[in-house]
Each structure stands twice: as structure tokens, then as C-alpha cells.
Amino acid sequence: MNKQLKSAIFYHENKELNKAKNIYEEILKNKIGLEKKELEILYVNYANILFLENSFEKSISYYKKALKLNNLAPITYFNLGVAYLQLNILKEAIESFNKAITFRSDYLSAFVNLGVCYKRLENYALALQTYKKAALLNPNDIDVIFNYSNTLYNLDRFNEAIKGFKKVIFLDKTHYKAYYSLGIAYLNLGKYSDALFCYEKAIELKPDYADAHFAKSNILLLYGDYKRGFEEYEYRWEAKNELKKISYGIPTYDGEDLTNKSILIQQEQGFGDNIQFIRFLSLLLQKGAKKVYCAVKEELKIVFENSFEQVKFVSNNTTLENVDYFCSLITLAKVFDIRVNNLIINEPYLKPLIIKKEFLNKEFNYHIAFVWQGNKEHKNDKNRSINIRYFKQLFKEFPNIAFYSLQLNEKENFSDYDNVFDYSNFISNFNDTAQIVERMNLIISIDSSLAHLCGALNKKTWLVLPFVPDFRWMIDTNISPWYSSLKLYRQDETKNYSKVFKKIKNDLQKEINKYWFLFKNIFIKKT
């Protein structure tokens, strides 16, 4: 073997990678005197070092060079697949892992990573088949069991997933990710105390495990433990999700006196989150703030500006000078030590800028606005959104009530109903929605920004919730400490919306009877 290559391999095997890399690069300049097998080793070894340096694209090019010399090498196909997987180039990764398996049918790691590819593509059925094949090779392999169980979870087969995660923990009691995943599975079955125990075990094993801390915060908040819950909720920035913490290079506000100081509050997450937590801006003014800036989405600016006249609402790209403090909006709940019994609700705390428009159909005396579909990009959309057929049952049962669809980005044909009207075309921002809502007798909504808007406007709203609700709606109650005008309708463990709408139908009939009784008495007194 070439002496230089032999020397590089020695350094490589002894983990002196910089020395090995320098020699590999020197040999690559000329490649003189290398046999085909030696050249293949050079390309593979150099690619492996590039991979460890996170230079995945360059490593791919050298793995490919090696495969041109020897296209029967399963380990090179495997390494190539892993590099593609790191870049999330899934089609090429799948091809590479399948090639590796073609030449080595018992290649367990290739099966595991192939399953990962299918999971990322959300082809959970194919991922499950892949992990089953891997399990035949080694039924006690922890990676196989863990990935197989996670795939069962993705298919909503929670009880089976729980068995798998428990097996992983039996084989490895330090597997903190298995405890976390077990907690998530318990959560989806509504077993909140079991979920909390699992998250705490994961944190015990890995104290800085942000995903487990963030998951724990949601359980604590569901229980109404807002002090600990909002403290743990700060881990949202470090957990694996789409949230990114913004830094402006100025001190983060933590409750300091704001006399003669200015502060910037940054909106975060969805429209509903902003509507829910915007109430705490008044506390900053009570702290003596000279100026409160709040960066919000354009759709919310008009209604917020009309509601908080002492606050300057700006867009996210606005340049501000001489700002003393910065704080993210939801963090204010932690800063002000918000508890269930001190939410400080002066309802309504939002008021729309009224532009006189007649929205109601005068042929009807009772008016209900509704939405059935949330943001489809939301991770829990499949649970919180509702098939429109449930609302259509109400349209038929109550032909003398006017129903107004405020649903955006989801068109539905209501031509079969004389009492249903699509008002989405009247809406370009939340002030428009608020004007319509103010004229309604009742709003029926899924867990969406509309529910928060109605609560902030103190409008009578019936909120339809999935079996496992978002943290803000707590558990075992049909009222909300955040909004006194909301009544909560929850799925039971069957996760059946038919039961929910049966109760809504009965309650709506009572509501109508009560309304007509009052209306009749008022009419008699007037005459």
C-alpha cells in the first residue's frame, strides 16, 4: 500500500483526523501510484472526515467517486445515504439505503435510517414496514424498537406505542428520549399525570432536555399551575419546534421598574396567542413605562391600536431607537407572576374601530357566526378542526336562525341553505371580524383566533375543543379563566364530535327558547 495513504490511515484510526485529512488532501493533488482499491479507500476515508466536519455536500461527491470505482460497496452506499439524510435530500437517501440493503440484506442500520426517511416524508405505513423488517434482524435493538414505537405514535396507535417505549426503557433505563416519547403518547390518551411523570423522568436523566421541559410546561398549565408552568414555558425557545427567539441586543425585561424607561414587546406564535396575552400590556403602563412599543402582525394592528391607545404598535421591520428593554409577549405572564385567579380581566379589553356597516340579515332575529377550520399548518389541526357536516346539522335543525360563516381560506358551498351566509369576503383584518362579531347573538368556534377575539370582546361564544386541549383551556371545566364569555364543549375519550354537537344542539334550543321568551316579554311591555 502507498506509504502516504498507509500513514494517513494510521492517523485516521487513531482519531488524529487533522493529520489524516492533510495527508489525504496531499495525495488527492496528484493520486500518483495509487491502485484502484487504494483510491477507493482514499475517497471513502476523506469523505468520512468531511462528513464529521458537517461538510455533507463535499462528502457526497467523494462517496460518489468511490462508488464509481466500486459500485458493490454497501457501507459506502450507507454513508452516502446518511449524508443525504443530513441534508434532508430524502429521495436520494432512500435510493442509497436501498442499494446498501440490496448488497447486504441484514444491514440493520440501513433499515433504521430508511425508516427515518419514510417518517420524514410522513409515509408512516412504509416506515412501519421498514422497522418491522429491521425487528426481524434484531428484535431487541433499541433504535429499532424506539423508531418503530414512534411510528406507531404517528399513526395514532398510542397504546401500542406505549408498549414499545416501555420496552425501550426496560432495555435501557437511561433512555431519556423514550421517557419523553412515552409521555407524549400518554398525553394523547388524556393521561396527564402519567405524561407529567414521564417528562420529569426525562428531565431527571437529562436536566437540560428542552423538549421535556416544554412538554412539562403544557401539563402544568393544563392543571392551572401557572407559576411553574410559565417558568417551564420559557424552554419553548430551545425545544425542537418552529419557534425562534428574537434578540435585539438590549436587556430582557424581568419585572424592573419602568419609570422613564421604554420597552419593546415582540408578538409571537399565532393570532390567538397575541389576542390572549395582549391584555398584559396595561401592566407595563402601571409599571411607569414612558413608552411601550409592541410589534404585531398587520392584521391585528387596527383593533389593537383602538384598544390600547397609550401603546405604539409597530410592524416587525420597524426601526426603533433608545429602547431600554425587550420582552416577548407570552413571557409577560411569567414576568408578572400570572395565576389562574389574577388574570386581571377587564372585559372587554378589545374594542373594534367601528365603521358603520349593516352586516345582519334582517329577515332573521337570531344570529350566529361560526368557523370550523383552523390553520392547516398547525401541528394539531387534525384534532382541533371539525368537519363542516356537524355545522350543517345545525343549519337544518334551526332554519329560523341566521348562520354566518367567518371562515377564511376554506370555501364551502352553502347554496342548499337559505339561512347560511358566507361573510368571509367582508374580512381583511381582525377589526373587520370584530365588527361582525359585535352584532352577533352567539359565536360557535373551534379553537382558533376567532375564539380568542370573541373572548376579548366579551361576546357569548361556544368553543368546541378536542379531547386533549391546548394548555390555555385547562381540563375538567366548561369555563375559562381567560375569558368569562366562553363556554367550553369538550370531546370525551371517544374523541367523537357527534356527542359534542348533540349537546350544542340541545343547548342551542334552550338558548333560543330563552331568547324568544325575553323578546316576547319586551315586545309586550313596549305595546
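The values are calculated or read from the model by the stated rules, or taken from the named source; none is laboratory data. This is a predicted model, so every value here is computed, not measured. Cβ: placed from backbone, ideal geometry, glycine included. Neighbour counts: every protein chain shown. Calculation scope for accessible area: heavy atoms of the full protein, side chains included, ligands and nucleic acids excluded. Shrake-Rupley method; radii C 1.70, N 1.55, O 1.52, S 1.80 Å.
Scanning the range 47-63 for residues that are among the aromatic types (Phe, Trp, Tyr), assigned to a helix (DSSP H, G or I) and either open to solvent by 60 Å² or more (accessible area, probe 1.4 Å) or in contact (Cβ under 8 Å) with a residue 60 or more places away in the chain (or both) turns up nothing. All of (1) open to solvent by less than 70 Å² (accessible area, probe 1.4 Å); (2) farther than 30 Å from Val500 by Cα; (3) part of a loop (DSSP other than H, G, I, E, B) hold for Val303 with one exception: (3).
Of all the numbered requirements in (1) on the phi < 0 side of the Ramachandran plot; (2) open to solvent by 20 Å² or more (accessible area, probe 1.4 Å), Lys15 misses one, and that requirement is (1).
Could you look through the range 477-498, keep only residues that are assigned to a loop (DSSP other than H, G, I, E, B) and touching a Lys or Arg at 6+ places or on another chain (Cβ under 8 Å), and pick out the one that is most open to solvent (accessible area, probe 1.4 Å)? If you could, list the steps in order and put the result at the bottom.
So the first thing to find is which residues in the range 477-498 are assigned to a loop (DSSP other than H, G, I, E, B), and the list is 477-485, 491-496.
Filter once more, so that each one left must be touching a Lys or Arg at 6+ places or on another chain (Cβ under 8 Å): 478-480, 482, 485, 491-492.
Values: Asn478: 79, Ile479: 105, Ser480: 12, Trp482: 0, Ser485: 21, Gln491: 19, Asp492: 47 Å².
Looking at the filtered set, the residue picked out is Ile479.
Summed over the range 415-427, the residues that are out of contact with any helix residue (DSSP H, G or I) (no Cβ under 8 Å at 6 or more places or on another chain) and either in a helix (DSSP H, G or I) or more than 17 Å from Gln373 (Cα to Cα) (or both) give a count of 5.
Per-residue answers, yes or no, for (1) surrounded by fewer than 19 Cβ atoms within 10 Å (Cβ to Cβ); (2) under 24 Å from the mean Cα position of the chain (by Cα); (3) hydroxyl-bearing (Ser, Thr, Tyr); (4) at pLDDT below 95:
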{"site": "Phe430", "(1), (2), (3), (4)": "no, yes, no, no"}
{"site": "Ala451", "(1), (2), (3), (4)": "no, yes, no, no"}
{"site": "Cys454", "(1), (2), (3), (4)": "no, yes, no, no"}
{"site": "Lys460", "(1), (2), (3), (4)": "yes, no, no, no"}
{"site": "Leu465", "(1), (2), (3), (4)": "no, yes, no, no"}
{"site": "Lys510", "(1), (2), (3), (4)": "yes, no, no, yes"}
{"site": "Trp516", "(1), (2), (3), (4)": "yes, no, no, yes"}
{"site": "Thr527", "(1), (2), (3), (4)": "yes, no, yes, yes"}
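Selection of the range 110-127 for residues being surrounded by fewer than 17 Cβ atoms within 10 Å (Cβ to Cβ) and either acidic (Asp, Glu) or touching a Lys or Arg at 6+ places or on another chain (Cβ under 6 Å) (or both) yields only Glu122. Residues in the range 387-402 that are open to solvent by 10 Å² or more (accessible area, probe 1.4 Å) and part of a loop (DSSP other than H, G, I, E, B) were compared, and the one that is farthest from Leu187 (Cα to Cα) is Asn400.
Only one of the listed residues (Thr102, Thr130, Thr151) is crowded, with 23+ Cβ neighbours inside 10 Å, more than 26 Å from the chain's Cα centre (by Cα) and of a type in the set (Ser, Thr, Tyr). That residue is Thr130.
How about the range 248-281: which of its residues are among the small types (Gly, Ala, Ser) and free of Cβ contacts under 8 Å to residues at least 40 places away in the same chain?
Gly249
Does the range 345-364 include one or more residues that are more than 25 Å from Arg490 (Cα to Cα), of a type in the set (Asp, Glu), open to solvent by 70 Å² or more (accessible area, probe 1.4 Å) and in contact (Cβ under 8 Å) with a residue 12 or more places away in the chain?
Within the range 345-364, the first condition is being more than 25 Å from Arg490 (Cα to Cα), and the residues that meet it are 346, 349-364.
From what's left, of a type in the set (Asp, Glu): 358, 363.
Filter once more, keeping what is open to solvent by 70 Å² or more (accessible area, probe 1.4 Å): 358, 363.
Imposing the further condition that a residue be in contact (Cβ under 8 Å) with a residue 12 or more places away in the chain reduces the set to 363.
Yes - at least one qualifying residue is present in the range 345-364.
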